[in-house]
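**Q** Handing you a structure now.
The values are calculated or read from the model by the stated rules, or taken from the named source; none is laboratory data. Here the structure is a predicted model, which means the values were calculated and not measured. When we count neighbours, we look across all protein chains shown, and the Cβ atoms used for this are built from the backbone with ideal geometry, even at glycine. SASA here: full protein model, heavy atoms, side chains in, ligands and nucleic acids out. Shrake-Rupley method; radii C 1.70, N 1.55, O 1.52, S 1.80 Å.
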Amino acid sequence: MAALESFRRETRAWLEANCPPLMRTPMPDDEVVWGGRNPVFKHPEQKVWLERMAARGWTAPGWSRAWGGGGLSPGECDVLAEEMAALGCRAPLYSFGLSMLGPVLLEYGTEAQRREHLPPIVRGEIRWCQGYSEPGAGSDLAGLQTRAVRDGETFVVNGHKIWTSYAHYADWVFALVRTDPRAKKHEGISFLLIDMASPGVRAQPIRLISGYSVFCETFLEDVRVPAGNLVGEPNRGWTIAKRLLEHERKSQGSFSDRHKARGEVPLPLLAKRHLGETAEGRIADPVLRDRIAAYAMRDHAFQLTRRRLAEERAATGSPGPASALIKLVATELNQTRLELMLSSAGTAALGWEGEGFGADELRLTRDWLRSKANTIEGGTSEVQLNIIAKRVLGLPD
Amino acid sequence: MALTLDAEARLIRDQAVTFFEERSPVRALRALRDAGDPDGFSRALWREMAELGWAGFLVPEAHGGTEAGALGLGLVLEAAGRTLAPTPLLSTALIGASALVLGGNPAQRAAQLPAIAAGTRLVALALEEGTHHDPARTGATARRSGNGWRLDGTKSFVPDGGAADLIIAVVRTEDGLGLFLVPADAPGVTRERRRMVDGRNAAAIRFEGVSLPAGARLEGGGPGLLDAVLDRARIGQAAEMLGATGAAFDRTLQYLKDRRQFGVPIGSFQALKHRAARMFEAMELLRSTVLAALEAIDEGSPDLPRLASLAKAQAGEAFFLIGNEAIQMHGGIGMTDEHEIGFYLKRARVAQATFGDSAYHRDRYAALSGF
């Protein structure tokens, strides 16, 4: 414990000295740093902050120093997170490489794959996207049809991916491809890393109900991929695919935290602002107040549960089927919060663009629409319920 | 604060689970109910529990207790809840001991705590006067009378009140609500048995000019004493509900695997699988809130009141969901008195109403959170 406390003191001192003041303010969504070959920095402080954190490996604090990570113990990772939260430090980097691909490469990748891909992920130099879903393979993900045919030392890939988040900004894609069309559908899939700069790759953004275009269609036409980019055994990619989804669900478990990081007006305050409050400081509308209380309590119970499950799985290291529960509840909570934000703000949160609405109000409208994807992406809520029933509760097929 | 159990806590839990499975399965409750037992629980079994030290988990060693803590007592309550075992654990070991430890002066503690820890004195908290939990509407009074007090009023629902030797009465005084130690056999105290739907007993208690000495009031703990005692009661009640809800869920899950219709186990139907997963979700959220609340007691957390309301509300909702789904999924057999699953539904409703239902605790949680 003494060592952890001295680590805490050193960490706090280092953050105080190195985190630029602007990086200690709430982070609007359009100031998230995603890195990549052509990184976008709205402020020079974002670049400085990323570089300083990456130099210590603290963008991936738990990864080994051999891959550029921080080499911190789980306890030290917690301390770093706590100290960053205490100072209000922004996350220096958001990255599917950090949250999804990296953990899978650490478990299944070769030495060469880790050496090639992990350090650039830590430094935010390569931005990854996820090539999973296809027009005919949504919840039935294992029904995917994108083909990869071995040709000497390369695979030739042809197919059509969809809902590839931020593919139009990504440098590389980790993709599920069918390498044995004659095998049973779960047994002919491989996990392949593809450079988006390869000839034959084209990403096209899709305009969504929110007006945002976070998802793309990604077309792959005769794309040649080095055979060494296949992760794990050929035709054994489904196991890796599922493990990556566990990591994705775990990261989706923090959906409900993001609004806090960006300094959104707390829900009860928004309700009081629009609907008034009683002399005792209660939200004047008792029905809405009850619904907000139910939400706040469910969120509180969820935070405790996420912590408890994290403690329980600390021994095993892998998120496991409990990640389905975390994903299920976190995404519903995010939707409930936005529904209640809209109910609180009334028509002020129903504008689309232009005069008469504040920037926060317009964003609320769009965020509400965006949140409808939460219970679809990364496996629908119905798929999560299937996973819990089968893998946690042991109910028969 | 860790939300996982250490080796010592697991030992307490495992011992308690085995004890109640062997010594007080659901058929023991059925036997007490069918016999119309005047206490509603087994005094012989209570003596065994006291010998295991459970009655004194919250009592200081100086007064004969073990000071094992609220988490340990909560785990015993959870285990008792699994088999719906009726015991004085909540009313005596948790509420009675807490009231005296938090509010008793040295003389009161010395007079009461050793007997509580030994299991020889049973305690009941006399609070409710109407049909709903509402401490603020207390109408019973204590007025100064000579050197002592005079108590008047009526309590409508006092769990374990019939068997209690010592009643802790919540009454209105000139300076707010107070807690008074009233011997159950004091002149002016009359008790009527109330047989509840869950097979347990409560009592309606009338105080009519009950004359008490000056030292009858629990003066410690300041104006927050009642809330502090009630929060412990709510958390203990939630722990018992966690056990009962978990057992109802386990039994229902097993039934989904065993019961065959259309040539397959009914648990293979997605319409039931998804509902089973929702029950699992409710269980997991409930377990976290109860553990956090129990640990908040042991650690003296300033967030204890909110955690108490959170745990009690979550327990009410989870037990409501699972109690009802248990009957529906068991089908016709679940409607029979012969099957034990119905006992869980009955216990759910009584436990929900005790120390505040979910709506009460949502309101309280909101107020404590500043909205």
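**Q** What is the Rg over Rh value, at two decimals, for the protein assembly as shown, using alpha-carbon atoms and the Kirkwood definition of Rh?
**A** Expressed as Rg/Rh, it is 1.03.
**Q** Need the list of aspartates and glutamates near A:K250 for cross-linking: C-alpha distance under 18 angstrom, and skip anything on the same chain fewer than eight residues off.
**A** Hits, sequence-local ones excluded: A:D78, A:E107, A:D299, A:E311, A:E312, A:E332, A:E377, A:E382, B:E281, B:E284.
**Q** Describe numerically, in nm with one decimal, the distance between label points set 7 Å from Cα along Cα→Cβ at A:L106 and at B:E51.
**A** Roughly 5.3 nm, to one decimal.
**Q** Let me ask you something else. Mind checking region A:317-397 for chymotrypsin sites (Phe, Trp or Tyr not before Pro) that DSSP puts in a loop (not H, G, I, E or B) and that have at most 10 other Cβ atoms within 10 Å?
**A** Sparse-neighbourhood loop chymotrypsin sites (Phe, Trp or Tyr not before Pro): A:W352.
**Q** Can you report the principal axis dimensions of region A:2-94 using only the alpha carbons, biggest first, rounded to whole angstrom?
**A** Each principal axis gives a Cα extent; for region A:2-94 these are 40, 28, 19 Å.
**Q** Something else about it: Have a look at the DSSP beta bridges in region A:88-211 and tell me what percent are antiparallel, nearest 5.
**A** So the antiparallel bridges amount to about 70 percent of the total.
**Q** Let me ask something else. Taking only protein heavy atoms and a 1.4 Å probe, what accessible area per residue, in Å², does the protein assembly as shown have with all protein chains in place?
**A** Counting only protein heavy atoms, the per-residue value for the protein assembly as shown is 42 Å².
**Q** Angle, helix B:26-35 long axis vs. longest principal axis of chain B, Cα atoms, 0 to 90°, nearest 10?
**A** Result, in degrees: 60.
**Q** List, in the order given, every pair from A:K242/A:K390; A:K242/A:K327; A:K47/A:K372; A:K185/A:K242 whose Cα-Cα distance in the structure shown is over 24 Å.
**A** A:K47/A:K372
**Q** Given a Förster distance of 45 angstrom, what is the FRET efficiency for B:A359 paired with A:A2, based on the Cβ-Cβ distance and rounded to 0.05?
**A** The calculated FRET efficiency here is 0.40.
**Q** Now for a different question. For an R0 of 51 angstrom, estimate the FRET efficiency from the Cβ-Cβ distance between B:R260 and B:D227 and round to the nearest 0.05.
**A** The value I calculate is 0.50.
**Q** Now, a different point. Can you give me the relative contact order of region A:323-387 as a percent, contacts being Cα pairs under 8 Å and 6 or more apart?
**A** Dividing the mean separation by the residue count of region A:323-387 yields 45 percent.
**Q** I need the calculated FRET efficiency for the pair B:D303 and A:L350, taking r as the beta carbon distance and R₀ as 41 Å, to the nearest 0.05.
**A** 0.70
**Q** Mean Kyte-Doolittle of at least -0.5 and a Cα length of 15 Å or more along the axis: which whole DSSP H helices of chain A meet both?
**A** A:74-87, A:322-345
**Q** Give the residue list of GluC sites (Glu not before Pro) in region A:106-138 that are DSSP loop and have at most 16 other beta-carbon atoms within 10 angstrom.
**A** Listed in order of number, the matching sites are A:E125.
**Q** Which residues of region B:286-306 bury at least 40 Å² of accessible area once all protein chains are present, versus their chain alone (1.4 Å probe)?
**A** B:S288
**Q** In bins 10 Å wide, starting from 0, what share of all Cα pairs of region B:7-121 does each bin hold, as a percent?
**A** Once binned at 10 Å, the Cα pair distances of region B:7-121 give 15, 46, 30, 10, 0.
**Q** Given H placed 1.01 Å from N in the peptide plane, which residues other than close sequence neighbours of B:A140 have an amide H under 5 Å from its amide H?
**A** Amide H to amide H, under 5 Å and 5 or more residues apart or across chains, B:A140 pairs with B:T154, B:R172.
**Q** I want to verify a result. In a Gaussian network model of chain A, Cα cutoff 10 Å, which of these has the top mean-square fluctuation: A:K161, A:K260, A:K327?
**A** Highest fluctuation among the options: A:K260.
**Q** State whether region A:65-204 is rounded, prolate or oblate according to the following rule on the C-alpha gyration tensor (a ≥ b ≥ c being the square roots of its eigenvalues): a/c under 1.5 gives rounded; otherwise a/b larger than b/c gives prolate, and the remaining case gives oblate.
**A** Prolate.
**Q** Sort region B:188-247 into rounded, prolate or oblate with this rule: let a ≥ b ≥ c be the square roots of the eigenvalues of the Cα gyration tensor; rounded if a/c is under 1.5, and if a/c is not under 1.5, prolate when a/b is larger than b/c, oblate otherwise.
**A** Verdict is oblate for region B:188-247.
**Q** Quote the relative contact order of region A:13-163 in percent (integer), defining contacts as alpha-carbon pairs under 8 Å separated by 6+ residues.
**A** 22 percent
**Q** Could you pull out every residue, at least 5 positions away or on a different chain, whose amide H is within less than 5 Å of the one on A:T154? Hs are placed 1.01 Å off N in the peptide plane, and Pro or chain starts have none.
**A** Long-range HN contacts for A:T154: A:A227.
**Q** Per residue, what volume in Å³ does the convex hull of the Cα atoms of chain A enclose?
**A** Convex hull volume per residue, Cα atoms: 165 Å³.
**Q** What list of ³J(HN,Hα) values in whole Hz, one per residue of region B:345-362 in order, does the Karplus curve 6.51 cos²θ - 1.76 cosθ + 1.60 (θ = phi - 60°) give from phi, with Gly and Pro shown as x?
**A** Values, residue by residue: 4, 5, 5, 4, 5, 5, 5, 4, 6, 7, 6, x, 7, 5, 5, 4, 7, 5 Hz.
**Q** For region A:380-397, state which residues have at least 40 Å² less accessible area in the presence of all protein chains than in their chain by itself, taking the probe as 1.4 Å and leaving out ligands, DNA and RNA.
**A** A:L385, A:N386, A:L393, A:L395, A:P396
**Q** Give a residue-ordered list of calculated ³J(HN,Hα) values for region A:125-134 (Karplus: 6.51 cos²θ - 1.76 cosθ + 1.60, θ = phi - 60°; whole Hz; x for Gly, Pro).
**A** Karplus values, whole Hz, x for Gly and Pro: 8, 10, 9, 9, 10, 10, x, 10, 5, 9.
**Q** Residues of region B:1-17 losing 50 Å² or more of accessible area relative to the isolated chain, 1.4 Å probe, heavy atoms only?
**A** By number: B:L3, B:T4.
**Q** OK, next. Just check region B:11-69 against the gyration tensor rule for me: Cα atoms, a ≥ b ≥ c as the square roots of the eigenvalues, rounded for a/c under 1.5, and otherwise prolate or oblate depending on whether a/b exceeds b/c.
**A** Since a/c reaches 1.5 but b/c is at least a/b, the shape of region B:11-69 is classed as oblate.
**Q** Calculate the spin-label point distance for A:T380 paired with B:H132, positioning each point 7 Å from the Cα along the beta-carbon direction, and give it in nanometres.
**A** Placing both labels 7 Å along Cα→Cβ, they lie 4.0 nm apart.
**Q** How much length is gained on full extension from A:E312 to A:D360, taking 0.36 nm per residue of separation minus their Cα-Cα distance?
**A** 13.4 nm
**Q** When only DSSP loop residues count, what trypsin sites (Lys or Arg not before Pro) in region A:349-397 have their Cβ near at most 16 other Cβ atoms within 10 Å?
**A** Answer by residue number: A:K372.
**Q** Now for a different question. Among DSSP beta bridges lying fully in chain B, give the percent that are antiparallel, nearest 5.
**A** Within chain B, antiparallel bridges account for around 85 percent of the total.
**Q** Calculate the spin-label point distance for B:L11 paired with A:T154, positioning each point 7 Å from the Cα along the beta-carbon direction, and give it in nanometres.
**A** 6.6 nm
**Q** Around B:D134, which amide H atoms from residues at least 5 apart in sequence, or from another chain, sit under 5 Å from its own amide H, with H modelled in the peptide plane?
**A** B:E129
**Q** Summarise the accessible area of chain B (1.4 Å probe, protein heavy atoms) by the percent that is carbon and sulfur.
**A** Carbon-and-sulfur percentage of accessible area, whole number: 51.
**Q** With an 8 Å Cα cut-off and a minimum separation of 6 or more residues, compute the relative contact order for chain A in percent.
**A** Computed value for chain A: 12 percent relative contact order.
**Q** What whole-number volume per residue, in cubic angstrom, does the convex hull of the C-alpha atoms of chain B give?
**A** 134 Å³
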